[in-house]
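Please read the structure below before turning to the comments.
Here, each number is a calculation from the coordinates, and none is a lab measurement. Everything quoted here is computed from the prediction, not taken from an experiment. In this analysis, Cβ positions are derived from the backbone assuming ideal geometry, glycine residues included, and neighbour counts consider all displayed protein chains.
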Amino acid sequence: MDGRGGAVELRETHRLTGHADRAWALAWNPNLGAGASPVLASCGGDKTVRIWKRAPDGGWQCTDVLEDTHNRTVRSCAWSPDGKLLATASFDATTAIWEYSGGDFECVATLEGHENEVKSASWSQSGSLLATCSRDKAVWIWEMQPGNEYECVAVLQGHTQDVKMVQWHPILDILVSVSYDNTIKVWADDGNDEWHCVQTLTEADNCGHSSTVWSISFNQKGNRMVTCSDDCTLKIWDTSIDLSQPETGEGHESWQHVSTLTGYHGRTIFSAHWSSGDFIASGAGDDAICLFVEEKSSMVEGPSYRLILKKEKAHDMDINSVRWCPQDPRVLASASDDGTVKLWELRGNILA
Amino acid sequence: MDQQPKDDIDIFEPTVTLDQTHYQDGYKNGYDDGLVSGKEDGRQVGLKVGFQVGEELGFYKGCLDVWMSAIRLDQDAFSARVRKNMEQLAALLSNYPLSDPENNQVQEMMQNIRMKFRVIMASLGAKLDYEGRPTSSKEDF
């Protein structure tokens, strides 16, 4: 009943309908009040953002629809670490900032600067920096000022194609971006608002991806990250080196490839997310969700990754986003081109 | 058999070199014509491009002048970071080689100026844009 024993399964618990077009992305509010139940935001091609909460009877309901702000697809959403602000990135080239106050969501700022479709937004752990990326190949870093003003700190140019996603390290002020140009770039500043690309992970030099990289997710400690790609693989990287520290010596240490998980999905893997535990979820164009677990190994080579299960036909169409619930590490949400958001529960005993 | 006297004119020479003479005449006529029309075309193109560059740089400089005036009235009109960006824009503008149009870095310098201007605009939350310039990315989707 509570996950002890029994076969491992990913059981669908709820199906959230409401979006009138494909559901692109999801974000769980990371910081709820004491005793509050989880809050999920979803966004999509219908230009809206929907907020979902658990109802007293255990079902889930859409409590808010954020609309009439973006005039094109909302591609991605992200909560600030304190859970009070929601950033929404849109194909209309703007990023909107919403504040939840007095039971209502209000758009308190609109960030303009990108030349075309904004693909992703991410808040730094400190909460004061917001990164956005776009088809214009650039990554912008904004800093929040008093009064809901946002200043542009830097414009990072380096990718040669559409940038699909940006994600801050969970602890350090280090930013990772992934792109249609097949590379993963790591950015850090020198302490003086001067941001540089401190590492590029490529196919040729770092066992990187051979096609578009769609998503990136750090584990909770920040010493590992997973990326997924159009090349149908997931790659795990050792990110324990603090790349924001300047190297005075010769050999500049780098983040290393640890493992490539291949053969699990037959189509582009659009999303991967690392739970606060040891689970990695992936969602792909083959309509399936795969779950992997990191196994600590006593062998010198380090951890390995094992498939726990593959949920075929999790949705009727491409899965665009998978996200573990921060408050309940066995609950997973998925969003799909079929317009639905599904909630799943991982049940059973996973032997380490 | 007999040696030709050296200072005898070869009466056949003009006939034999006739086509060469005509070629040279034609070349000279063409070259002179081209020189005149090329100068005129070049003048037109130079005027046009020079005007476009001047207008765009003048626009940014005008904005800077207004911002500098605002700062003189109120030192805290803008945050330290925005002021720094404005100073960087001023430096980029004054480094632009107006008298050296063939400097092959002018394209890149103009891109840097445009980007710096957009960063300041974004930080001020203003929607002002220089209308004359072409939009950059016209890509497939």
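Summary table
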| item | result |
| --- | --- |
| Helix-only mean residue ellipticity at 222 nm for chain A, each DSSP H run of n ≥ 4 adding -39500 (n - 2.57), per residue, nearest 500 | 0 deg cm²/dmol |
| Kirkwood-based shape ratio for the range A:226-328, expressed as Rg/Rh from alpha carbons | 1.05 |
| Reciprocal mean inverse distance between Cα atoms of the protein assembly as shown - Kirkwood radius, Å | 25.9 |
| Exposure proxy ranking, count of Cβ atoms within 10 Å, fewest first, for A:80, A:134, B:99 | B:99, A:80, A:134 |
| Three-way shape call for the range A:180-266 based on the alpha-carbon gyration tensor, with the a/c threshold at 1.5 | prolate |
| Shielding by partners, peptide B:110-120 (average Cβ within 10 angstrom, other chains) | 2 |
| Proxy reagent accessibility, fewest Cβ within 10 Å first, across A:165, A:317, A:144 | A:317, A:144, A:165 |
| Residue B:25-residue B:102 pseudo-label distance in nm [points 7 Å out on the Cα-to-Cβ vector] | 3.5 |
| Label point distance in nm, residue A:125-residue A:55, each placed 7 Å from Cα along Cα→Cβ | 3.9 |
| Neighbour net charge for residue A:14 - beta-carbon separation under 10 angstrom, K R +1, D E -1 | +1 |
| P(r) histogram, all alpha-carbon pairs of the range A:61-126 included - 5 Å bins from 0, percent | 4, 18, 27, 26, 16, 7, 1, 0 |
| Kirkwood-based Rg to Rh ratio, chain B, C-alpha trace | 1.44 |
| Nearest 10 degrees, 0 to 90: helix B:80-95 Cα axis against chain B principal axis | 20 |
| Proxy reagent accessibility, fewest Cβ within 10 Å first, across A:240, A:271, B:94 | B:94, A:240, A:271 |
| Whether the range B:62-116 is rounded, prolate or oblate, judged on the alpha carbon gyration tensor where a/c under 1.5 counts as rounded | prolate |
| Relative contact order [Cα under 8 Å, 6+ residues apart], chain B, whole percent | 22 |
| GNM result for chain B, Cα springs below 10 Å: residue of B:120, B:11, B:71 fluctuating most strongly | B:11 |
